[in-house]
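Values quoted throughout were computed directly from the atomic coordinates according to the rules given, and no laboratory measurement underlies them. If you're wondering where the values come from, they're calculated on a predicted model, not measured in any experiment. Glycine also receives a Cβ, built like all others from the backbone with ideal geometry; neighbour counts cover every protein chain displayed.
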């Protein structure tokens, strides 16, 4: 207390700050510590993003750039392959995100109850997250082979004629989405476990005293109180799903034809062909798409959050 | 924490070790500029070559033979990808100046996309340039400079067929498309897949369109020039026939059941074993049979893709890839690389290459002869070449080739898109490439 008084006295002596202004004012001193991180953020994120907005308006050969205005964007939206990529991106993002949220929550409830081998099962569920995406892609491409793959063989034993997975134009994108969910649900589960474990026991005890069944205590206690974890999982998996590239590339390269192309693989193909300006325009479109979906969604999901 | 004696010693030791390590890195490829002909100084060249046997086997044989001739020059082979991934890798490495000392890449339109006058060393003054066939020089030139030495033989694009199946069913080699379809109908009745497709390797789907070029040029000899200036399109006659062929064979149910996922080596094996009768392909893959089905190599024959007119029937010929030297190769390494390019484009080099991987068509260097034991499919190319009924493929006479053709042909061949729609889509795709190259009229 005496320190505080001394502080303001010292500060007000050096410069003629009005005392009311000093009260509750935070010193700018801590903000200087952000500077190194900001420099890195600027060089590796803000600067490339800004220059990509410029290059998306040019025809770029890496050696020279010729300004052509919005032609790249016009071309991007005119090409049927590219508009198909847009719809596929949205389907892929929402399907993977939805499945991860639902399955993640169910697995988390299972893995926080007293079930045998809980610690081992947690490791098993999380293990696919750690494996290389390309490795997973190549392995599942072999397993999903329509005539000789293991999955259709196993389904055949049970008497089901498996679909032609990655070769069927209607199924290719969904097959990749299912593999993506297998790979990513572990992360969602871990986040949910953290959320569920942080719910105080008193709520469950109170619910049990009031005679709630397991399902009722799940709906009325677990779900609402694990809401921050749910928001985190939705946002992270949706961003990841909308931007997904490596798994789709490893499994189908956007095929057969263009049926499993997403914006990210379309961008990559334009880049491969040397259309650097068009590819950058695609990146700008993806950036705007993700931002336009995520920001309102985040605001909506956290509207009732209070700062504790 | 006070820096007492033991910590200080550890600190000094760490600094010394770090200084030594930094001094030891960098400077291992410091061969210096200046072209003093110190031919006995050991030189190591890095060479990027594709991963398939077609590239690796001759590359290894050539570098071993060259090393035996010039013991001070060692060549280290680096493996590169194929198809559009190779396009990507080569363009990026050239743009960032990180290419190997030499590399093998396609000739023709794909070379133009690399801006060779900016990125590659010109080889126009080399002695071997005069000994290379005239048809090859435009495919490796830009702005009147020559940039590449031919690597390997030419190859033909058309239909590989199983001769035993044809003999058994009493069929003749078709000279028009209608004859081809009639043959296919008979083959289907006999319970064999008439046409094999292998969309597990998407590049193979382009053959019906690309191998049809001879028939297009036969109807309009100036087609390539008009195409480069955007005066004719694939969605018009006569070029749309190629797309129509793709549509037809799928619609009539002539394809193998696993066309969507099978890869080309397996498909070729199926052809050799008689599980399929006809496979539109490039003869460049025929030597793979020596490893996969050595007993059935000569059961596979070749005929050119038939067109509308039997009298104008002929072969679409693909020119070989070439060895290029990027501008980043200088001094002693440049001299050594040029020596190697001369070796590759010589009769001696041809012989070494032919011994390692069977030629898939005639060679383009004067003095290089085809050995007598080439597979039947390759022998079948010779009559077309002898009679002069050949046209170089479109990619060698026009710089315009769209990057999405393989995806579009997979869609048309799988029945997902009509021929007319596919051709129109390709015309749009090609516009991007032409504009990127800065061509007039687009």
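Calculated FRET efficiency, residue A:29 to residue A:49, Cβ-Cβ distance, R0 = 45 Å: about 0.90 to the nearest 0.05. Size descriptors for region A:79-301: radius of gyration and Dmax over Cα atoms are 20.1, 68 Å.
Mean-square fluctuations from a GNM of chain B, with a 10 angstrom spring cutoff on Cα atoms, peak among B:341, B:217, B:404 at B:404.
Using the Cβ-Cβ distance between residue B:52 and residue A:197 with R0 = 56 Å, the FRET efficiency computed as 1/(1 + (r/R0)^6) comes to roughly 0.55. As I understand it, the value is the acute angle between the Cα axis of helix B:177-189 and the longest principal axis of the Cα atoms of chain B; what does it come to in degrees, rounded to 10? It is inclined by approximately 80 degrees. When only alpha carbons are used to place a centre, region B:186-240 and region A:241-308 end up 35 Å from one another. Between the helical axis of B:5-24 and the longest alpha-carbon principal axis of chain B there is an angle of about 50 degrees.
Looking only at A:169, A:48, A:146, which one moves most when chain A is put into a Gaussian network model with springs between Cα atoms under 10 Å? Highest fluctuation of the listed residues: A:48.
Over chain A, DSSP H runs of length four or greater, each weighted -39,500 (n - 2.57), average out per residue to a 222 nm ellipticity of -21000 deg cm²/dmol.
Computed over the protein assembly as shown, the P(r) curve from all C-alpha pair distances, binned at 10 Å from the origin, holds 2, 11, 18, 20, 18, 13, 8, 5, 3, 1, 0, 0 percent per bin.
Averaging the Cα positions of each part gives two centres, and for region B:303-322 and region B:81-104 these lie 30 Å apart. Compared with the dominant principal axis of the Cα atoms in chain B, helix B:53-69 is inclined by about 50°. Legend: mean number of C-beta atoms from other chains within 10 angstrom of residue C-beta atoms, peptide A:253-265, equals 5.
Using R0 = 30 Å, the C-beta based FRET efficiency linking residue B:263 and residue B:182 works out to 0.50. Full extension of the segment from residue A:292 to residue A:216, taken as 0.36 nm per residue of separation minus the current Cα-Cα distance, would add 23.8 nm.
Within region A:60-197, the percentage of alpha carbon pairs spaced more than 20 angstrom apart rounds to 63%. Beta-bridge orientation, the protein assembly as shown: approximately 60 percent antiparallel, per DSSP, counting only bridges with both partners inside. In whole Å, what is the distance between the alpha-carbon centres of region B:346-425 and region A:128-203? One Cα centre to the other: 41 Å. Taking each DSSP H run with n ≥ 4 as -39500 (n - 2.57) and averaging over every residue of chain B yields -12000 deg cm²/dmol at 222 nm. Counts of other chain beta carbons within 10 angstrom of each beta carbon in peptide B:65-76 average 0.
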